Amino acid sequence: MSILHLYRTVVRTQVRALTRGMLALERRPAVLEELDASVRAARAVKLAASIAGQRASMELAHAIESCLNAACQGAISLRSEQIGEMLKAVDLLESLATLDDGREGMQFDGGKRVLLVDDSHAMRELGRTVLRRRGYDVQVAVDGVDGWNTIRTHPFDLVVTDSDMPLVDGIRLIALIRKDPRFTRLPVLIACEEDARDLRGGLEAGADYYVFKRAFEETLAQTVASLIGAAEQ
């Protein structure tokens, strides 16, 4: 059994325990046995991810483990919306386990390279389809942590990021990009709802432009072309 296969197996078998622990936090008092089991599950995922070189999964599992540990010790009392964000993080662990091994073998097709960062599978597939029709070479990342790791290890001509993601959202991702001297000139496009706060936050963090999600399919390709030109130029 390969290390990557072992890692994926661990994720699949431990996610149920992680989910039970998150749901236990919604009860008062939480069931400590389930929380303890979830801490052990998160620790197992973190160890397997570390061995397999899956940095994004390792960081997610560490964040979940830390929150569950604090809940077990009575140090924090999470609100329902925070629990929802943690459940999204568990879903991301499953998504990350289906990706190629560390992306070392990521293949580019020759067109201009676009990274699409979004925690929604539907939005990732929509964006990939729209841009590939125009000839762009599109790769995807499942959240801000995964996106940041991918940006640091592979060259891209443009990044499109969702504004609202768990753990590392789009605004934080843009700030990380702009703070790194290697990426000060990397064009970044933020996808957001028609919310003045998200739009302003993204532009202030350093996004070059934006697309509204309600018009994502209709405007994405044109906006990308306005920033980096046609795919084959």
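Numbers below:
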quantity: Residue (of N149, S226, M165) at the positive-pole extreme of the range 81-233, dipole from beta-carbon charges; calculated: S226
quantity: Distant-in-sequence amide H partners of Y209 (H built 1.01 Å from N, under 5 Å); calculated: V188, I190
quantity: Under the span-like rule (Cα at least 15 Å along the axis, Kyte-Doolittle mean at least 0.5), DSSP H helices of the chain; calculated: 32-52, 216-228
quantity: Net charge of Cβ neighbours under 13 Å - reference E204; Lys, Arg +1; Asp, Glu -1; calculated: +2
quantity: Full-extension gain in nm, R197 to R133, via 0.36 nm per residue minus C-alpha separation; calculated: 19.8 nm
quantity: Amide H contacts of F156 (H built 1.01 Å from N, under 5 Å, at least 5 apart or other chain); calculated: none
quantity: Label selected from (i) 1.11; (ii) 1.16; (iii) 1.07, the criterion being Cα Rg over 2.2 N^0.38 Å as computed here; calculated: (iii)
quantity: Size of electric dipole in the chain: Cβ of Lys, Arg +1 and of Asp, Glu -1, about Cα centre, debye, nearest 20; calculated: 400 debye
quantity: Cβ-placed point charges (K, R +1; D, E -1), dipole of the range 3-96 about Cα centre in debye, nearest 20; calculated: 180 debye
quantity: Net charge of neighbours whose Cβ lies under 15 Å from the Cβ of E218, counting Lys and Arg as +1 and Asp and Glu as -1; calculated: +2
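Quick note: the coordinates plus some simple rules give every number you see, no bench work behind them. This structure is a prediction, so every number in the text was calculated from the model and none was measured. Backbone-built Cβ (ideal geometry, glycine too); neighbour counts: all protein chains shown.
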